[in-house]
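Step one of this worksheet: look at the structure below.
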Amino acid sequence: RERRFAADASHELRSPLAAARLGLEVAVAHPDRTDWNEVASDTLAELDRLEALARDLLDLTRLDATRTVAASRPVDLAQLLRNELDLRSQRPPELRYGGTVEAVTVRGVPELLLRALRNALDNAERHAINAVDASLRQVDDSAEVTVSNDGAAIAPGDRDRVFQPFVRLDESRSVDSGGTGLGLAIVADILRAHGGS
């Protein structure tokens with residue numbers, strides 16, 4: 001599993017490096033036909049991808065159940081979710097946000113729980129057509145968060161796979177979708193570190 005993860009991480013890191021290198025090599029080979037502002041913009045976009053990948057990889061390595069339990073405190077999960085939905089409804093893309101948010105308090109690390117909510121919502125937004133729903137409810141002694149959208153449904157056989165690092169379904173393989181392939185894996189790890197799933 002670790003070898004597969006290392007190979008996948010290496011592949012994901014190589015892609016933006018190769019794209020930046022190719023753009024610069026072509027520009028240097030043909031300086032008189034090069035739009036240097038475009039080259040700089042394209043290179044910066046690839047560096048942004050590298051930075052996001054490095055940040056997500058670092059976050060995955062830092063998640064640890066023992067440290068999470070030690071730093072846990074009561075968290076108003078409903079307030080975290082409401083605040084995040086309010087912020088998102090005021091910015092592009094113009095998506096409709098809905099769902100039912102019940103009052104639920106859990107023990108956890110607020111920053112990590114917020115990161116999990118944001119990653120799940122980012123993923124839903126990337127694949128939404130017009131709407132994203134996020135609901136929160138108490139189920140026995142646990143909180144249940146459901147995030148959905150009106151985009152293409154995830155096939156039942158892929159619903160566990162999308163929480164593995166670097167898994168992108170065929171229709172979302174394009175890097176242009178904006179994801180690093182680690183967002184939902186980070187969600188899963190944060191939830192595991194909090195004793196959830």
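The values are calculated or read from the model by the stated rules, or taken from the named source; none is laboratory data. This one's a predicted model, so the numbers in the text were calculated from it and none came from an experiment. Cβ placement follows ideal geometry from the backbone for every residue including glycine, while neighbour counts extend to all protein chains displayed. Note: accessible area is taken over every heavy atom of the protein model, side chains too, but ligands, DNA and RNA are not part of it. Shrake-Rupley method; radii C 1.70, N 1.55, O 1.52, S 1.80 Å.
Each stretch of four or more DSSP H residues adds -39500 (n - 2.57); spread over every residue of the chain, this sum gives -18000 deg cm²/dmol at 222 nm.
Based on the Cα atoms of the chain, what semi-axes does the equivalent ellipsoid have, where each is the square root of 5 times one gyration tensor eigenvalue, given in whole Å with the largest first? Whole-Å semi-axes of the equivalent ellipsoid: 34, 20, 16. Model label points for ARG4 and TRP36, set 7 angstrom from Cα along the Cα-to-Cβ axis, are 4.7 nm apart. What the Cβ-Cβ distance of ARG73 and ARG14 gives, at R0 = 30 Å and to the nearest 0.05, is a FRET efficiency of 0.15. Here each label is just a point 7 Å from Cα along the line to Cβ, and for LEU169 and ALA103 those points are 3.7 nm apart. Evaluated with a Cβ-only charge set (Lys, Arg +1; Asp, Glu -1), the range 77-176 carries a dipole of roughly 200 debye about its Cα centre, given to the nearest 20. Evaluated with a Cβ-only charge set (Lys, Arg +1; Asp, Glu -1), the chain carries a dipole of roughly 560 debye about its Cα centre, given to the nearest 20. Solvent-accessible surface (1.4 Å probe) assigned to VAL28 amounts to roughly 100 Å². With both labels modelled 7 Å from their Cα along Cα-to-Cβ, the ARG91 to ASP141 distance reads 3.7 nm.
Taking THR146, THR61, THR34 and ordering them by how much accessible surface each has at a 1.4 Å probe, largest first, produces THR61, THR146, THR34. Return, ordered by residue number, the residues of the range 95-135 whose backbone nitrogen is under 11 Å from a label point located 7 Å along Cα→Cβ of ALA155. Those under the cut-off are none; the list is empty.
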